[in-house]
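The values are calculated or read from the model by the stated rules, or taken from the named source; none is laboratory data. The structure displayed is predicted, hence computed values, not measured ones. In this analysis, Cβ positions are derived from the backbone assuming ideal geometry, glycine residues included, and neighbour counts consider all displayed protein chains. Note: areas computed on protein heavy atoms with side chains; ligands, DNA, RNA excluded. Shrake-Rupley method; radii C 1.70, N 1.55, O 1.52, S 1.80 Å.
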Amino acid sequence: MPFGNTHNNYKLKFSAEDEYPDLSKHNNHMAKALTLDIYKKLRDKQTPSGFTLDDVIQTGVDNPGHPFIMTVGCVAGDEETYEVFKDLLDPVIQDRHGGYKPTDKHKTDLNFENLKGGDDLDPKYVLSSRVRTGRSIIGYTLPPHCSRGERRAIEKMSIEALNSLDGEFKGKYYPLKDMSDKEQQQLIDDHFLFDKPVSPLLLASGMGRDWPDARGIWHNDNKTFLVWVNEEDHLRVIAMEKGGNMKEVFRRFCVGLQKIEAVFKKHNHGFMWNEHLGYVLTCPSNLGTGLRGGVHVKLPNLSKHAKFEEVLTRLRLQKRGTGGVDTAAEGGVFDISNADRLGFSEVEQVQMVVDGVKLMIEMEKKLEKGGSIDDMVPAQK
């Protein structure tokens, strides 16, 4: 277990000052929020399953931060973490989610019919569309804290839920530990496989314990609906397809999620959700919808334009390279997705992606012809 001092009751023989971490070189949300007073107040508390303050913060202590990205620096070990340690986590959430207050209420809307448009993104520019989220199962602790038995129980229930799907969702589960080389290569070629975490952020929070026990991947026969089991969250659910039909991807995402939850509810294990935080997940950055709706889109001209970053900010979108969070763009192709998770519903977040990408493609076309886009820069959403 990569934890150092977390499950050590002798630490209470020392003063809070003796135990308080050195955060002087840190650049993450936890380090900004964790004062000595908060540490003093919370250090001897634990959740019913035994998750402590030092468990919450260890990943942020061990990983001072990324030079360009403000990391969160803390994780939840169970549903109660957000309540027991709210003196630390409320400020972290407020900082990370644009001023979201402890009294704010989150909206959930998984009715795909409320999305306007989205089936008409120009396929000359949009190469692929996907929507992903995470889900946590009520009654079990989260991946930084869960036991082997819990993890295996989640896998067993997930297999039952996923194997009951039919029609467009009919598919197969591939456990990581029993995967043949051929299956593994196929999943790598499809960009479906998740590997043992190498990110120190995940390892320092305890998510890599017992790897690959009870981890696996399920996908439908069409390879357009995918579920990761027991990675950073109990479930990661992903819908995707080539081209620009975000409306269809979002429909599949909503319908598939609702079908899976119905099976879990039969076992009296629905998904963790409350009206303040929305869907409860391991990393505070994913609270709310946990949703990232993204397209791979060609913007070779717009991406070189001085106003590109400003346009993204105003549309509440973010860009990544197509290889993931730390990668550069190749050939002017970017992964453009919603920047928000908390405070806006699923439909609202996907709508921002659809409307924003549409506008950016119009800008790209105008720049191709040598025109100016200054009059197209949108107001702040």
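In the range 52-59, is there at least one residue being open to solvent by 50 Å² or more (accessible area, probe 1.4 Å) and either modelled with pLDDT of 95 or more or hydroxyl-bearing (Ser, Thr, Tyr) (or both)? Full working, then the answer.
Taking the range 52-59 first, the residues open to solvent by 50 Å² or more (accessible area, probe 1.4 Å) are none.
No, every residue in the range 52-59 fails to be open to solvent by 50 Å² or more (accessible area, probe 1.4 Å) and either modelled with pLDDT of 95 or more or hydroxyl-bearing (Ser, Thr, Tyr) (or both).
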message: Looking at the range 309-323 only, could you name the residues that are buried (at least 17 other Cβ atoms within 10 Å of the Cβ) and either closer than 20 Å to residue 124 by Cα or acidic (Asp, Glu) (or both)?
response: 319, 320, 322
field: Top-ranked residue of the range 239-264 - restricted to ones that are among the acidic types (Asp, Glu) and open to solvent by less than 50 Å² (accessible area, probe 1.4 Å), ranked as nearest to residue 286 (Cα to Cα)
entry: 261
Some residue of the range 76-89 being in contact with an Asp or Glu (Cβ under 6 Å, 6 or more places away or on another chain), open to solvent by 70 Å² or more (accessible area, probe 1.4 Å), in a loop (DSSP other than H, G, I, E, B) and at pLDDT 95 or above: no
statement: Picked from the range 6-25 (must be modelled with pLDDT of 95 or more and under 30 Å from the mean Cα position of the chain (by Cα)), the residue farthest from residue 72 (Cα to Cα) is 20
message: Condition check: open to solvent by 10 Å² or more (accessible area, probe 1.4 Å), part of a strand (DSSP E or B) and modelled with pLDDT of 95 or more. Does residue 236 satisfy that?
response: yes
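Given the structure, is residue 228 open to solvent by 10 Å² or more (accessible area, probe 1.4 Å) and either among the small types (Gly, Ala, Ser) or assigned to a loop (DSSP other than H, G, I, E, B) (or both)?
Values: open to solvent by 10 Å² or more (accessible area, probe 1.4 Å): yes; either among the small types (Gly, Ala, Ser) or assigned to a loop (DSSP other than H, G, I, E, B) (or both): no.
The answer is no for residue 228.
May I ask you to verify whether residue 32 is touching a His at 6+ places or on another chain (Cβ under 9 Å) and assigned to a helix (DSSP H, G or I)? Give the steps one after another, and end with the answer.
Details: touching a His at 6+ places or on another chain (Cβ under 9 Å): yes; assigned to a helix (DSSP H, G or I): yes.
So residue 32 passes the test.
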query: Only one of (1) surrounded by fewer than 17 Cβ atoms within 10 Å (Cβ to Cβ); (2) closer than 27 Å to residue 72 by Cβ; (3) at pLDDT below 95 fails for residue 267. Which number is that?
result: (2)
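In this structure, does residue 285 turn out to be free of Cβ contacts under 8 Å to residues at least 40 places away in the same chain, of a type in the set (Ser, Thr, Tyr) and either over 20 Å from residue 253 (Cα atoms) or in contact with a Phe, Trp or Tyr (Cβ under 7 Å, 6 or more places away or on another chain) (or both)?
No, not satisfied.
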